[in-house]
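Below is one structure, written out as structure tokens; the observations come after it.
What follows draws every value from the coordinates through simple rules; no lab data is involved. Keep in mind it's a predicted model, so treat the numbers as computed, not measured. Using ideal geometry, Cβ is built from the backbone for each residue, glycine included, and neighbour counts are taken over all protein chains shown.
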Amino acid sequence: MTDGMKHSLVAPALTILAACSSSDATSGSLPRGDSLAVVATRRPPADDADPEPKDGAYRVQLTAPIEQLRERCKDAVPPQQAPSAQQPDLVEPIQLDPSLRLDVRYATNDNFLGARVYDQAKVFLQRPAAEAVVRAHQRLRPFGIGLLLHDGYRPWRVTKLFWEATPEAQRDFVADPANGSRHNRGCAIDLSLFDLATGRTLPMPSGFDAFTEAAHPNYAGGTPLQRWRRDMLRAAMEAEGFTVYDGEWWHYDHPMWRDYPILDVPFAELGKPK
């Protein structure tokens, strides 16, 4: 971590608020002028209904048994690609700021496949994206909320498994492995919010990885408090240059994603001497 970054992480709350820039009125973004400070003023009353999320993750009907799908994907090869502008430099955001929290569903059976696909409960990102996530987390601290990280860098073969496992009608929610994904480049992050005081995961209009209409970042359902939290997350992330995916309120892309290659390196290989 550079000295400049350390300074940004300890900036007073007023400095953080003043730094929240307005986002362009592009697809999937908040209207121009909706900075974090502006969204914060719209918080609903504290007694707004806030039901606990339902137990268990959303599940798809797998196209085949999971072991058959794993076998189908094990020898798959990522798509050819042109040389990238940046060399990969994958780091763990939680190593930059241990006050972040992790909920890596893909290292458990509690995910849309109902099967473990990661051998380690870790989240990696390219360094510029990881540092930007840390700054977004620090922007939210004055409001008593922090970032809960679900997924970052995803080996290409896992993207291939997701595609093969998901019914065709629901593939809008998974990336086409023929093109690779921004997760494969280490420049996409799936995340939510938690309460800094209690550590409680804060309910949103839908659960993480719910393949439903409620997953859209502009979905009008849910409670006012859930929508407010979703907008706080978006304002903090957009202030750091991220763009929300228009089908998933939890998915954000870093603007440098085009500069990095599609990777298929297992977690266990990351950080080893070359």
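Would you mind checking region 159-191 for residues with the amide N under 16 Å from a putative spin-label position 7 Å along Cα→C-beta of Thr108?
Inside the label zone: 191.
Could you give the length gained by full extension between Ala197 and Tyr58, i.e. 0.36 nm per residue of separation minus their alpha carbon distance, to one decimal place?
47.3 nm
Can you work out the FRET efficiency for the pair Ile66 and Val38, with r the C-beta to C-beta distance and R0 = 35 Å, to the nearest 0.05?
0.20
Would you tally the net charge around Thr166, using a Cβ to Cβ cut-off of less than 12 Å, leaving Thr166 out, and scoring K and R as +1, D and E as -1?
Computed value for this residue: -2.
Ranked highest first by average number of other Cβ atoms within 10 Å, how do 59-68, 158-167 line up?
With the highest mean Cβ count within 10 Å placed first, the list reads 158-167, 59-68.
If you put +1 on each Lys and Arg Cβ and -1 on each Asp and Glu Cβ, how big is the dipole of region 91-197 around its Cα centre, in Debye rounded to 20?
280
Which of rounded, prolate, oblate describes region 70-111, given a ≥ b ≥ c as roots of the alpha-carbon gyration tensor eigenvalues and a/c under 1.5 marking rounded, otherwise prolate only if a/b is larger than b/c?
The shape class here is oblate.
Compute the distance in nm between two label points, each set 7 Å from the Cα along the Cα-to-Cβ direction, one at Glu168 and one at Lys74.
Each label point lies 7 Å from its Cα, and together they span 2.8 nm.
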